[in-house]
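> This is the structure, below, for whatever I ask next.
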Amino acid sequence: MTNLAQVTESARDLRHKIRRGIEAAEKGDVIDLLPVQAEVDSLCAALAALPKDESDAVQSDVIGLVEELSTLSDKLNQGLVIIRNELKDLSERQRAVSAYGKAP
């Protein structure tokens, strides 16, 4: 990525991938974020290489990307809370079953 058009396209493509990740997280599907991290790193490097006036032109796309990433983070954290609660409930049920099966 060396020019503004490529950087803008990359930012928009990445936002689209993040939106798909949000949809997957809402369904409880598995999400592979390793490729996304590499693309974010590449985009950041490309943004840093742009002249200031060009980087300012892509600012709204980058802000949108950050907002999408924040939404994805929120969805993943919600999923973690659900999993944590399910594991806690399972553990409590297992303890109750174990206690019920023991002689006094």
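Please treat every number below as a calculation from the coordinates, not as lab data. No experiment lies behind these values; they were computed from the predicted model shown.
> Does anyone have the angle between helix 34-49 and the longest principal axis of the chain? Alpha-carbon axes, 0 to 90°, nearest 10?
30
> Is segment 4-101 best put as rounded, prolate or oblate by its Cα gyration tensor, with a ≥ b ≥ c the root eigenvalues, rounded for a/c under 1.5, and otherwise prolate when a/b is larger than b/c, oblate when not?
prolate
> What length, rounded to one decimal in nm, is gained on full extension from residue 23 through to residue 59, with 0.36 nm per residue of separation minus their alpha-carbon distance?
Here the answer is 10.5 nm.
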